């Protein structure tokens, strides 16, 4: 019964190597930096054995002070994301005049505009 199932198709669906935006350096560098940052964070947490403490003392905590701290940290992270989106949108508007289309492709600007609105 399981002989005809393609595991790659099951996991990735229609996602392929052609879906990676090799021709857009802003997106590519962002993906690489985010991936390396996430890998460094996960590696540091594993090296210093912080997974148990994070799960036990923070994620499953019912202490209202810790929940408040997590809420504030998450709010600050989202504020920085919204601020970065706003800077990118303003820079795009400042650079897109005359024959210049700015530094962002149109569909990327649309995505940033939508994400900024959702975050705010």
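The values are calculated or read from the model by the stated rules, or taken from the named source; none is laboratory data. Everything numeric in this text was worked out from a predicted model, so none of it was measured. All Cβ positions, even for glycine, are placed from backbone atoms using ideal geometry, and neighbour counts span all protein chains on display.
One table, with the values for the structure above:
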quantity: Those residues of segment 20-58 which are touching a helix residue (DSSP H, G or I) at 6+ places or on another chain (Cβ under 9 Å) and either over 21 Å from residue 85 (Cβ atoms) or modelled with pLDDT of 95 or more (or both), in sequence order; calculated: 20, 22, 45, 50, 51, 54, 57, 58
quantity: The one condition in (1) over 23 Å from the mean Cα position of the chain (by Cα); (2) more than 27 Å from residue 109 (Cα to Cα); (3) in a helix (DSSP H, G or I) that residue 43 fails to fulfil; calculated: (1)
quantity: Identity of the residue in segment 65-115, in a helix (DSSP H, G or I) and at pLDDT below 90, that ends up surrounded by the fewest Cβ atoms within 10 Å (Cβ to Cβ); calculated: 107
quantity: Residue check for residue 37: outside the structural domain of residue 104 (by TED's automatic domain parsing), closer than 30 Å to residue 67 by Cβ and assigned to a helix (DSSP H, G or I); calculated: yes
